[in-house]
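Throughout, read-outs are computed from the coordinates displayed, never taken from laboratory work. Model, not experiment: these values are computed from the prediction. Quick reminder, even Gly has a Cβ in these numbers, built from the backbone with ideal geometry, and neighbours come from all protein chains shown.
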Amino acid sequence: MNSLKKTIKIWIRYGLIGLNSILTLLPTNEKRVLFESFNGKGLTDNPKAIYDQMVNDFPDATGQLFWGVKGQLYGDLTRKYPEAKIVKRWSLKWIWISATARFWIFNSRMPTWWKKNKRTVYVQTWHGTPLKHLALDMEQVKLPGNSREKYLTEFVKEAQRWDYLIAANQYSETIFKRAFKFQNVFLETGYPRNDVLIQKNTATDVKNLKRRMVGNPNLRVITYAPTWREDDFISVGHYHFRWHFRLEKIMNALPDDTILLIRPHYLVTDKIDISGFEDRVIIDSESDMNEIYLITDVMITDYSSVMFDFSILKRPMLFFAYDLDYYRDDLRGFYFDYYTELPGPIVQNEDELLEQIRSLVKTDFKEPDPKRFNQFAERFVSWEKGTAAKQVIQKVGYGGIVK
């Protein structure tokens, strides 16, 4: 039965590919844009920021701005975003839009077997400043179902289709050029998703967000946002979440006016147990990450690129790297000196984490090393001016305006 299902799926794929090959011969609609975020997992990240800017700047074109989403998420997302034009990925309507859109605006890769209309402009926004080695810089690939050779061949082939690639900083541009073999046009704009971190970082906006997201505008929020471990998978595309500190210890160290927000990586699908602390611990895997940044008073992360975006806000960070030696030496490695260049202290076990949390509580969550922090911010977020989305739209020529 499984073999039969697999055979049927293969034939369906070939049928869709054939249909797409015919449709991509048609002219594109100059106003039509297909947006996708993390291969259809939501209306988020850089594509969402560009979409919102287009809606604001070109209200007459909103009927041609489409989002491709996974079929199983279609119902929830259409209810959440009733004003958006949302279509199921791989449906006939999605195939038509994909083939006739003037622009593809994605933040992750499209399968290379899916052909692009030669008139379609492919804008790759990407989804973070790289800390860990990417693509051709990776010495080994520990992803289920992928050999290193296959992974890298597909990656480079896909990157060659990108007409534009957003760079958040010069550091990223240099890495992307080498690791992706990208030879087309860089958009040196900063990340559109970060515009809101500059535009909405006011006391009033933050209090309003806290009221909506955690129920109390006066609570302080510590966010724990670890990355995924690529060799700790459940199955293809599904990864574990594992505690490496006792929740009770952490919560006892925090004042009563402080809550812990857990933001799992989007590939983590484990159920996270917060039994006994439901009133002071929130698991939020759905909210826009920028809104989480804005309500966060202290960020705890590890090797995640959240460190770059969050540094725009100039708030304290802790780096809970419990598996640092293994992660550095055996997985993707790092592009810079993790020990000396981070904008906050590294902790590798529960005791060290508790010590740093207690220290921050004593100083009322003040940044412990402003000089080091500012050096980091200058290198990685100095291109962020709050206007990236508008710049991208202008530079790629949407609406007939090219700058």
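What you get for the chain, charging only the Cβ of Lys and Arg (+1) and of Asp and Glu (-1), is a dipole of about 2060 debye around the Cα centre. Lys-Lys pairs in the stretch 244-403 that are eight or more residues apart or on separate chains and whose Cα atoms lie under 22 Å of each other come to 13.
Length gained on full extension, LYS371 to LEU19: 121.0 nm, using 0.36 nm per residue less the C-alpha separation. Ranked for footprinting exposure by Cβ neighbours inside 10 Å, fewest first, VAL185, VAL156, VAL33, VAL87 give VAL185, VAL156, VAL87, VAL33.
How high is the FRET efficiency between VAL55 and ARG211 when r is their beta carbon distance and R₀ equals 22 Å, given to the nearest 0.05? Computed FRET efficiency for VAL55 and ARG211 comes out at 0.30. Placing +1 on the Cβ of every Lys and Arg and -1 on the Cβ of every Asp and Glu, with nothing else charged, gives the stretch 1-114 a dipole about its Cα centre of roughly 660 debye.
Other residues within the sphere of radius under 11 Å centred on the Cβ of ALA388, judged by their own Cβ, net out at +1 (K and R +1, D and E -1). Our summary gives the stretch 196-380 a relative contact order of 23 percent, counting only alpha carbon pairs under 8 angstrom and 6 or more residues apart. Pairs of Cα atoms nearer than 8 Å and 6+ residues apart set the relative contact order; for the chain it is 16 percent. Extension gain, ASN252 to VAL185: 0.36 nm times the residue separation minus the Cα-Cα distance gives 19.0 nm. Packing here is the average count of other Cβ atoms within 10 Å per residue, and on that basis the peptides 62-74, 296-308, highest first, run 296-308, 62-74.
Packing here is the average count of other Cβ atoms within 10 Å per residue, and on that basis the peptides 36-48, 374-386, highest first, run 36-48, 374-386.
Maximal additional length on extending the LEU136-LYS9 stretch stands at 42.6 nm, based on 0.36 nm per residue less the C-alpha distance. To check you understand DSSP bridge types, tell me what percent of the beta bridges within the stretch 196-380 (both residues inside) are antiparallel, rounded to 5. Around 10 percent antiparallel, to the nearest 5.
In the chain, the calculated helix contribution to ellipticity at 222 nm averages -11000 deg cm²/dmol per residue, counting -39,500 (n - 2.57) for every DSSP H run with n ≥ 4. Distance between the pseudo-spin-label points of LYS118 and THR202 (7 Å out from Cα toward the beta carbon): 5.0 nm.
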